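What follows is calculated from the coordinates using simple rules that are stated; it is not laboratory data. On a predicted model such as this, the values are computed, not experimentally measured, just so you know. Cβ atoms come from the backbone with ideal geometry, glycine included; neighbour counts cover every protein chain shown.
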Amino acid sequence: MTGAARERGIGRGIAECLAEEGCDVAVNDVAAEDEAAELVDALRELGRRALFVQADVTDRKAVDAMVDRVQADLGPLDIVCSNAGIADWRPLLDVTEESFDRLVSVNLGGAFNVCQSAARAMLARGAGGRIVVTSSVHVQMPFAEMSVYGATKAGLKGMVETMAIELAPRGITVNHIGPGWVRSYINDASPALQTEEDVRTTLTLIPAGRPADPHEMGRAAVYLCSEDGEYVTGEFLRIDGGFVVGKY
Amino acid sequence: MRFSLEGLSDALAEGVADGLAAAGHEPGPPADVAVVGVDLPVGTDVADVTGEGWEQTIASIRGAFFAIRRAAASMTEREVGGRILVLVPAHAIRPSRGCGTAAIAGSFLTTVGQVAAVELGPKGIRVNVIAVGPLEGEAPERVTEAVPTGRLVQPREVGDVCALLAAAEADVVNGAILAVDGGYVVTKALGGSPFTRPA
């Protein structure tokens, strides 16, 4: 479970839901050791085995080493959730090389590293597996001032669909989930959510009238990783309170 | 108007240049019509893409992104409006087994094009995405069976559609994804039916 340490993060919500369903969980993040330690403790209190593996998903060698370590400590990899991601808001004409490279390396390159490394481990074992990628509603409805962020998420859609086709014969499903506005730390910097009035305005765009809790992303991931989800692959499961319906 | 071509394969660049020239356009700089794309190999699974292959993918989308940004900045500075055409592989719409990173790169640039259309529309700049189907001279001959028109796409035909979108009459077309593919993306199955077995 990558990008899982931070409090109020989607990754933590997914990790907790998978643990509640019986999964032993390796919690990955690039930093936030203290928060990761809290999460690992919480998962162990659920009766699961859990460990924190600090690694930068943009570093391929570190990702391969992480997959090896998780398999050595927890056993064969059945499920991989690629969730680590960052956001940045700026008009296309103001996108710097630094911003572009950072977004692409974490959101797209990191997911490629994690999914390819995990897929190779699953293929080597030959017992199938589940891959769940956190993309975004941007996949269907790109937003102004988020050209690169949205593009990285669209790139994930291309990756998920291509991998789904090639890995289905080997019993590996590959899907992506599309959070809308989640009460997560990544949105703290959103220009659309800086004041109470901003929040009220944004809420008017969401038919369900509220943002999502990270655990609602987790329940969706649980479905995709469950026996009920065995025949679902290459799919995009949007969990957004109707946010993008009628807008794309 | 003057045009520029960036990131296209040699064959596609020639076809696009011919199509735009036939419509009376000439090469820039500066460019009033910027045509930007990527040229990526296919034939591997994502699980088999090498580190070098991935770096090439990122370098390609990076090059295309900043080509779009440069073109937009130049058009904005000159206050001339303009046209940006983003050429992506049709795999962006219909991924297939063995399409390597084409769907990834194509989907990435499709979103860049659409956001650019939204942000640059008020400046009189129109940005559209062309999903290029299997090209004659590049795609395997047997892919012909997957194209409802019964033939592969000629690079010059892509150029002719670029000229259509560059025309004044197409000013209202913005943020569109136009498949130039003989109907390939409707179904990628050989024979045009999802139940047809590949040869």
Given charges at beta-carbon only (K, R positive; D, E negative), |dipole| of the protein assembly as shown in Debye: 720 debye
Test item: A:164-172 mean partner chain Cβ contacts at 10 Å: 3
Cα-based Rg of the stretch A:206-248 normalised by 2.2 N^0.38 Å, two decimals: 1.32
Selection from A:Ser117, A:Val148, A:Ala127, by position along the positive dipole direction of the stretch A:104-179 (Cβ): A:Ala127
Other protein chain Cβ atoms within 10 Å, averaged over every residue that makes up B:97-106: 5
Helix-derived mean residue ellipticity, 222 nm - over chain B, DSSP H n ≥ 4, -39500 (n - 2.57), to 500: -12500 deg cm²/dmol
Chain B: angle of helix B:102-120 to the longest principal axis, Cα-based, in degrees nearest 10: 20 degrees
Order of A:Ile10, B:Ile130, A:Ile186 under a 10 Å beta carbon neighbour criterion, fewest first: A:Ile186, B:Ile130, A:Ile10
Point-charge dipole on Cβ atoms (K/R +1, D/E -1) for chain B, about Cα centre, debye to 20: 480 debye
At q = 0.13 Å⁻¹, base-10 log of I(q)/I(0) for the protein assembly as shown (Debye sum, equal scatterers on each alpha carbon): -1.15
Charge context of B:Val173, other residues only, Cβ under 13 angstrom, K/R +1, D/E -1: 0
Choice from B:Asp32, B:Asp160, B:Asp45 showing the highest fluctuation, given a GNM over chain B with Cα pairs closer than 10 Å: B:Asp45
Highest average packing first - B:95-101, A:139-145, Cβ atoms within 10 Å: B:95-101, A:139-145
0 to 90° range, to nearest 10: angle between helix A:33-45 axis and chain A longest Cα axis: 60 degrees
Cα-based radius of gyration of chain A once divided by 2.2 N^0.38 Å, which approximates compact folds: 0.97
Degrees, to the nearest 10: A:10-20 long Cα axis against longest axis of chain A: 40 degrees
For the stretch A:38-97, the Rg and Dmax computed from alpha carbons only, in angstrom: 16.4, 51
C-alpha center-to-center spacing [the stretch A:169-206, the stretch A:66-131] in angstrom: 19 Å
Dipole of the stretch A:48-99 [Lys/Arg +1, Asp/Glu -1 at C-beta], most positive-end residue of A:Ala55, A:Val70, A:Gly85: A:Val70
Sorted peptide list for B:131-138, A:36-43, criterion being average Cβ within 10 angstrom, highest first: B:131-138, A:36-43
